[in-house]
Amino acid sequence: MPWEELTPSLFQGILMGSLFVLMAVGLTLTYAVSRVINFAHGELVTLGAYAAALAVNLSGLSLLPALVLGAAAGALAALTLDELIYKPLMARRASPLYLLVASIGASIILRHLIYLAADAGGWLNIKARVMVDLVGFVGYAAVTSLHLQVVPAALGLSLLLHLFLTRSRTGKAMRALAENPDLARASAIPVARLRRLAWLIAGAMAGLGGGFWAVYANIQPALGALLFLRLAAASILGGLTNVYATILGGYVVGLGENVGITLANAWAGVPLEFRTLITFAMVVLVLLFRPSGLGDLFTPGRSRRWI
Amino acid sequence: MDLTPLVVSFVTFFGIYLILALSMNLEYGLTGLPNFGKVFFYSVGAYTSAFVVSRLMLALGGASLVPWSAEAAVFREELARSEPWLAIGLFLLCLVLAALVGAALGSLLSSPALRVQDVYLALILLVVAEIARVYVRATEGFIGGPHGLGGIPNPFRFIEGAGPRGLAYAGLVLALAAGAYVLVERITHSPFGRLMKAVRDDELAAQVLGKRTHWVKAQVMAVGSALAAVAGVLYAFFTEFVGTEDFDSQLTFTVLLMVILGGAGNHRGVVAGTLIMTAIDRFTRPSFLALLGLQLPVDINYARHALIGVLLVLLILYRPQGLAPEGRVRTAAREEVRHLGVSS
């Protein structure tokens, strides 16, 4: 096995995995708290990417405030989606399938509004003008400043989320809400407020992931739609309900699409174009045979862990 | 101003979309099976046509060309012009083959429904469609990979002039769509149709009554997917080109919107929904607006898609039953009672 291919793919996999973690945790969080598979989650990523890229390119903001702006854009859009579409639907006791169809509609709307705006502004294919510096080499793999920003951001925010969910009163209430909404309401947990908070967190993380993506590669209005099935894969590996398993799932997807395809290519001659097929195959298998995903690893003996 | 191309494209696409929407109605509307991989079964028909026609015509014509090359496409068009019966025969062969392949794949892919709930089935079928698209796109030896495959000659290639040829084909597509309508109506009002609704409304109750509900789902998916594959064949022979770009999941959701707009479970409503959506689809093309001399400040393609999303969300929010709610079941006995003048 040639090292010169494996180490770069490992570092690329870690970078992609971290980006997938940032983007997918929110999808899991919103599903757990409101039982909506939010197809428009990809568009939250796109919005964050555009907000950050435009902030850098047009108003010359530095990276950190631009990323905060991206996160804010994602959070705001997520909250709007829930308030305008999902909450009213759930008040009418819409079936999960109706919620899914509505979220697909929401994703189509957002994506093409972004298209219209980007077309008008001439931003159909842009990149945040941020210098990515080469920091050094590990073996044959180049380590860039992007690695040093994205990986700590993903891991740090995951840790923060963990502390929030396990140590704070609000976080514990959120877990209670995810586990049993009726019981949570009966226990005087402020369900509506927690739900808003969950959507804000989810949107902010997606927007932040998008902001980093605008530094990593060119962005276009279909960015989120193209990424959605892959970031949803991380969430599905997390059983759609378990944040910890989603974090693991993000790295499984990132490494599978990079280290996995490199190995498959070297040993079995699998074309590199098939990299996403590894992810999609995992999605189908998990949905079919282990709907609780990797969540079982964290709570042995229990059927499903919520958040 | 010659309106023939416009009429041809409108009627042909209406027929193709109608077959797709009716098949979706059979699955989603009547049986409660969210086949979000609809575009996959549609692509199966198109890929089957491209594969079979490209190989067979070269073999029969005795030409050793690369099937997806431009020379081969020209060769096929020429052959179809000089040999009308060959072109028509190949078209019919593709219809039958695609229906069979579609039915087999449809019943096979209904098997996840044995294990998982409707939302998960929807996700699985959506991912399957994406897997197929990525696979076909990356495999050049199948239908030319990323470049696609042209020169799938229209069965009416022998008719000189694009206008009359297009009209003849549009008529054929419309006739097949009418056939599909009769078929789904017959299925819906048969005892099997009532069984489908039972599976949708209360699967457990149907099972308690001894109905093999997974077998019902497999049969519905087989019929629905065969219809979708037939629509794919009609599309391939209309555009005379097949590439993976045409089989984006966006089409699945457009078809789903036709069903929800018209009224899930009501075939007549779905015809209306399809007519409205085809009109929106065809009359908001830049080429059509250019014909009228209209110049819009925004890209109409994006606006059209945004409108599709808005309609989908508004319908689910405010009128999930669509334009025409599902009617009651018609049975022979009920009809007889009605004719006797007794209110049932």
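Among the residues of region B:88-95, not a single one is under 30 Å from A:VAL101 (Cβ atoms) and either surrounded by fewer than 16 Cβ atoms within 10 Å (Cβ to Cβ) or in contact (Cβ under 8 Å) with a residue 60 or more places away in the chain (or both). Condition first: more than 20 Å from the chain's Cα centre (by Cα), within 27 Å of A:GLY250 (Cα to Cα) and not hydrophobic (A, V, I, L, M, F, W, C). Can you find one or more residues in region A:86-99 that meet it? Yes; the residues of region A:86-99 include at least one that is more than 20 Å from the chain's Cα centre (by Cα), within 27 Å of A:GLY250 (Cα to Cα) and not hydrophobic (A, V, I, L, M, F, W, C).
You will find that of A:VAL135, A:VAL151, A:VAL130, the residue that is outside any helix (DSSP H, G or I) and surrounded by 15 or more Cβ atoms within 10 Å (Cβ to Cβ) is A:VAL130 and no other. Identification of helices (runs of 4 or more DSSP H) wholly contained in region A:200-307 with 3 or more residues that are within 14 Å of chain B (Cβ to nearest Cβ), crowded, with 24+ Cβ neighbours inside 10 Å and in contact with a Gly (Cβ under 8 Å, 6 or more places away or on another chain) yields A:223-237. Flag: B:VAL39 matches the condition of being touching a residue at least 24 places away in the same chain (Cβ under 8 Å) and closer than 30 Å to B:VAL220 by Cα.
Of the residues examined, B:LEU317 is one that is within 12 Å of B:ILE260 (Cα to Cα), assigned to a helix (DSSP H, G or I), within 14 Å of another protein chain (Cβ to nearest Cβ) and out of contact with any Asp or Glu (no Cβ under 6 Å at 6 or more places or on another chain).
Residues that are more than 11 Å from every other protein chain (Cβ to nearest Cβ) number at least 2 in the following helices (runs of 4 or more DSSP H) confined to region B:113-188: B:140-143, B:162-188.
Counting the residues of region B:217-250 that are in a loop (DSSP other than H, G, I, E, B) and within 27 Å of B:GLY265 (Cα to Cα) gives 1.
The single residue among B:ILE308, B:ILE276 that is surrounded by fewer than 18 Cβ atoms within 10 Å (Cβ to Cβ) and at pLDDT 90 or above turns out to be B:ILE276. Every residue in region B:243-261 that is at pLDDT below 95 and more than 14 Å from the chain's Cα centre (by Cα), please. Hits for region B:243-261 are B:GLY243, B:THR244, B:GLU245. Residue selection: B:LEU275 satisfies the criterion of being within 30 Å of B:PRO191 (Cα to Cα), in a helix (DSSP H, G or I), more than 14 Å from chain A (Cβ to nearest Cβ) and in contact (Cβ under 8 Å) with a residue 40 or more places away in the chain. Taking region A:80-126 as the search range and keeping residues that are closer than 29 Å to A:LEU54 by Cα and outside any helix (DSSP H, G or I), which one is farthest from the other protein chains (Cβ to nearest Cβ)? Within region A:80-126, the match that is farthest from the other protein chains (Cβ to nearest Cβ) is A:ILE126. Within region A:18-73, the set of residues being within 14 Å of chain B (Cβ to nearest Cβ), of a type in the set (Val, Ile, Thr) and part of a helix (DSSP H, G or I) comprises just one member, A:THR46. May I ask you to list the residues in region A:170-195 that are more than 9 Å from A:VAL33 (Cα to Cα) and among the charged types (D, E, K, R)? Within region A:170-195, A:LYS172, A:ASP182, A:ARG185, A:ARG193 meet the criteria. Summed over region B:6-27, the residues that are more than 11 Å from B:VAL255 (Cα to Cα) and either in a loop (DSSP other than H, G, I, E, B) or not hydrophobic (A, V, I, L, M, F, W, C) (or both) give a count of 4.
The values are calculated or read from the model by the stated rules, or taken from the named source; none is laboratory data. Because the structure is a prediction, the values reported are computed rather than measured. So basically every Cβ, Gly included, is an ideal-geometry build from the backbone, and we count neighbours across all protein chains shown.
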